[in-house]
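Quick notes on the structure that follows.
Computed from the coordinates by the stated procedures, all read-outs in this text should not be read as laboratory data. The structure displayed is predicted, hence computed values, not measured ones. Every residue, glycine as well, gets a Cβ built from its backbone with ideal geometry; the counts of neighbours run over all protein chains shown.
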Amino acid sequence: MAVVKYNPTTPARRGMTSQDLSEVTTKKPLKSLLKSKKQNAGRNNTGRITVRHRGGGVKRHYRLMNYNLPIGTTLTVEEIEYDPNRSARIARVKDQDGKYHYILADTSMAKGKTILVGSEIDIEASNRMKLEEIPVGSFIYAIEIVPGNGAKLVRAAGASAQLMAKEGDYAQIKMPSGEVRKISVQAMATIGTVSNVQHQNISIGSAGRKRRKGIRPTVRGVVMNAVDHPHGGGDGGRHGTGKAPRTPWGKLALGRKTRRNKSTNKMIVRSRHEAKRKR
């Protein structure tokens, strides 16, 4: 899949790029798998803004994804669709009982392809099986953390993890971040790489396009007044912070550990930070 470039007919068009939608086979989603999506503009259930710079944007319908297909399912790809709620493409599939589902599409999926879910099936891209049956060295995505709970890991566009080793009840998987962690060999995963590999190379190019995506403007702390931000104030001659970067509420923004769930530390063989230091 290539990145679509534009002629510089306006200043905004000069650096703008967009996705190539040639792999998308239909523009109409299946109504029975749609759900209305309420805009919350980054607010939680009490109305407080918990994620800044969100709001507005084009209205969307949520696509009901199936991340936990039962073993023994045989699927046929009916359509490849664009999903405004995620970076990857999605596939509309039909099972052996005639029911429709939405699943993540990978780079090898095409209209008419047959996908198998279960044990003792062919080791092919798009087939879903337990980690104990997948050969070491394979690239996988849509991985379960807890067997039977559905895919939770490696679902973004162009992402894939690598099965590094299997020992006893656990498999060692190298995540896209570089982290190596242990996951039960009974957990399910799909062979392949998530679709839309060029997603990270897209340049938004204009402020208006960003607003249509529901992203509001970001104001730097150094241009604010001292009352509004720890980086603010000054006589107009200095643009640095002069201290460690902080959030608007005074918390350290860089270098501070934010990991809270210490109970799963035993499952991490090598942290993503160690992987980055060795590069």
Query raised in the report: At what distance in nm do the modelled label points of A226 and K5 sit from each other, each positioned 7 Å from its Cα along Cα→Cβ?
Result: 4.9 nm
**Report entry** Nonlocal amide H pairs with Y170, under 5 Å, H built at 1.01 Å
**Finding:** V185
Query raised in the report: What 222 nm value per residue comes from the helices of the chain, counting each DSSP H run with n ≥ 4 as -39,500 (n - 2.57) and dividing by all residues, nearest 500 deg cm²/dmol?
Result: -1000 deg cm²/dmol
**Report entry** Set of lysines with alpha-carbon distance to K262 below 22 Å, sequence-local pairs under 8 removed
**Finding:** K152, K174, K182, K251, K276
Query raised in the report: Over the chain, what relative contact order in percent results from Cα pairs under 8 Å that are six or more residues apart?
Result: 17 percent
Query raised in the report: What is the Cα centroid distance between region 216-266 and region 113-157, reported in whole angstrom?
Result: 40 Å
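Given contacts defined as C-alpha pairs under 8 Å and at least six residues apart, what's the relative contact order of region 146-268, whole-number percent? Please list the in-between numbers first.
Working: 136 pairs, mean separation 21.5, N = 123.
Across region 146-268, relative contact order equals 18 percent.
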Query raised in the report: With a sphere of radius 13 Å drawn around the Cβ of M164, what net charge do the other residues whose Cβ falls strictly inside it have (Lys, Arg +1; Asp, Glu -1)?
Result: +3
Report summary line: With no solvent term and unit scatterers on the alpha-carbon positions of the chain, Debye gives log₁₀ I(q)/I(0) at q = 0.09, 0.10, 0.11, 0.17 Å⁻¹ of -0.58, -0.71, -0.85, -1.41
Query raised in the report: By per-residue mean of other Cβ atoms within 10 Å, what is the highest-first order of 224-231, 123-130?
Result: 123-130, 224-231
Requested in this report: Could you pull out every one of the lysines with an alpha carbon less than 21 Å from that of K27, ignoring same-chain neighbours closer than 8 positions?
Outcome: K35, K37, K59, K94, K99, K111, K113, K213
**Report entry** Zone residues, region 45-62, relative to K251, backbone N less than 18 Å from point 7 Å out along Cα-to-Cβ
**Finding:** 45-54
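Could you tell me the calculated FRET efficiency between H273 and H239, based on Cβ-Cβ distance and R0 = 25 angstrom, to the nearest 0.05?
Values: r = 30 Å, r/R0 = 1.19.
The formula returns an efficiency of 0.25 here.
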Requested in this report: Please sort 261-273, 131-143 by packing, taking for each peptide the average over its residues of neighbouring beta carbons within 10 angstrom, highest first.
Outcome: 131-143, 261-273
Requested in this report: Please report the relative contact order for region 220-279, taking Cα pairs under 8 Å with a sequence separation of at least 6, and give it as a percent rounded to a whole number.
Outcome: 20 percent
Report summary line: Packing-ranked peptide list from 31-38, 150-157, highest mean Cβ count within 10 angstrom first, is 150-157, 31-38
